[in-house]
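Participant: Let me give you the structure first, and then I'll get to my questions.
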Amino acid sequence: DVLSVSRISSDTNFEKHSLTRILEEVLQSIDLESCHANIEYENLPELTINESQFRLLFQNLITNSIKFRKQGLTPYIRIRQQRAADEQISRMGLDDSVKYTCICFKDNGIGFDPLYNDKIFGMFQRLHAQSLYEGTGIGLTICKRIVENHDGAIYAEGKPGEGSSFYILIPER
């Protein structure tokens, strides 16, 4: 995983791809039936991206939502997109002369304290004991590096017991 993080910024093979197609391929590769996950998504745009990196980005966000689900509740993930708002672009310190697409992954999982909105993207940062949830603590770091490699930004919002939302801002090129 650490090696994956270090290689992300050196891979700049960007081409126009359908994000819907990539998302559908990721969904086919995840065993959604065993966890009874319900994933709703709308048509996503075509953007100039690194396909393998976006596949990993989508996979990490979806599997995190499934992993951090509430006991006894069917995991629900809603994926939508829209033009990024000026406030989002400003908040993330992005170039305000560029138009960005915002892709949002919203789940009904365990959520997290808003104090950790930024901390969760740090390397090896875990909000829960490893005995409760397996993983390396690198998945969201990889997500952040992928988005930054595309000149974008990612941020999260959550509330304990109310789920999490991850917002990805990617330039429309």
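The values are calculated or read from the model by the stated rules, or taken from the named source; none is laboratory data. Not measured: the values here are computed from a predicted model. Quick reminder, even Gly has a Cβ in these numbers, built from the backbone with ideal geometry, and neighbours come from all protein chains shown. Side chains included, ligands, DNA and RNA excluded: accessible areas come from the protein's heavy atoms. Shrake-Rupley method; radii C 1.70, N 1.55, O 1.52, S 1.80 Å.
Participant: Hey, can you grab everything whose amide H is under 5 Å from the amide H of LEU44? Only 5+ residues off in sequence or another chain; H modelled, so Pro and N-termini drop out.
Facilitator: THR20
Participant: From the backbone phi of the stretch 91-98, what are the Karplus-calculated ³J(HN,Hα) couplings (6.51 cos²θ - 1.76 cosθ + 1.60, θ = phi - 60°) in whole Hz, Gly and Pro given as x?
Facilitator: Ordered by residue, 3J(HN,Hα) equals 4, 8, x, 8, 5, 6, 8, 9 Hz.
Participant: Charges at C-beta only: +1 for Lys and Arg, -1 for Asp and Glu. How large is the resulting dipole of the stretch 2-108 about its Cα centre, in Debye rounded to 20? All intermediate terms of the calculation are to be shown ahead of the outcome.
Facilitator: On the way: 13 positive and 15 negative charges, 64 e Å.
That gives a dipole near 300 debye.
Participant: Further, regarding this structure: Run the numbers for LYS16 and GLN82: contour at 0.36 nm per residue of separation, minus the present Cα-Cα distance, in nm.
Facilitator: Working: separation 66, 0.36 × 66 = 23.76 nm, distance 1.80 nm.
Between LYS16 and GLN82, full extension yields an extra 22.0 nm.
Participant: In the structure shown, do any of LYS16/LYS106; LYS99/LYS119; LYS67/LYS106; LYS99/LYS159; LYS70/LYS106; LYS70/LYS119 have a Cα-Cα gap over 20 Å, and if so which?
Facilitator: LYS16/LYS106; LYS99/LYS119; LYS99/LYS159; LYS70/LYS119
Participant: Could you order HIS17, HIS150, HIS36 so the one with the most accessible surface comes first? Probe is 1.4 Å. Walk me through the intermediate numbers first.
Facilitator: Values: HIS17 30, HIS150 0, HIS36 130 Å².
Ranked from most to least accessible, the order is HIS36, HIS17, HIS150.
Participant: Would you give the gap between the C-alpha center of the stretch 79-119 and the C-alpha center of the stretch 29-53, rounded to a whole Å?
Facilitator: Going from one Cα centre to the other spans 18 Å.
Participant: Taking amide H positions as placed in the peptide plane 1.01 Å from N, state which residues far from TYR100 in sequence (5 or more) or on other chains have amide H under 5 Å from it.
Facilitator: Here the answer is ALA84, GLU172, since their amide H atoms fall under 5 Å of that of TYR100.
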